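Written out below as structure tokens is the structure these notes cover.
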Amino acid sequence: MTYVYADSTAVLGPLATHAEPHCYDLCAEHSERLTAPRGWDVLRLAPDPSAGKPSSDDLEALANAVREAARPPQPPPPPPEPTDRDGRPESGRRGHLRVLRSPES
């Protein structure tokens with residue numbers, strides 16, 4: 001439901017598909033009982049019957065989501081091997097000391 005103040009009209013239509021700051025979703029009971037202020041008109045728009053059915057885009061998005069959820073999780077890549085300032089691989093580290101591999105190996 002929304003109000004068109006310039007036309008003094010309350011418009012009732014299908015549920016909103018996205019958030020609008022001046023629109024309100026009403027249940028069937030309240031939309032049937034709605035009355036407008038004195039001097040205002042109530043315009044009731046009939047919902048499109050085909051709008052409630054899923055479209056091919058909706059079905060494709062659902063299938064893609066199911067495929068994505070069924071994929072096994074990928075393991076994270078191994079961390080890079082630490083190197084010293086000269087770019088040589090370190091073989092161990094203890095506090096501020098480190099053990100370097102021999103350049104011959």
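Considering each of PRO47, PRO37, PRO21, PRO73 in turn, give the residue that is surrounded by fewer than 10 Cβ atoms within 10 Å (Cβ to Cβ) and over 21 Å from the mean Cα position of the chain (by Cα).
PRO37
I want to confirm something. Restricting to the range 1-18 and keeping residues that are assigned to a loop (DSSP other than H, G, I, E, B) and at pLDDT below 90, which single residue is surrounded by the most Cβ atoms within 10 Å (Cβ to Cβ)?
By that ranking, first place goes to MET1.
The values are calculated or read from the model by the stated rules, or taken from the named source; none is laboratory data. In this text, all values refer to a predicted model and were calculated from it rather than measured experimentally. So basically every Cβ, Gly included, is an ideal-geometry build from the backbone, and we count neighbours across all protein chains shown.
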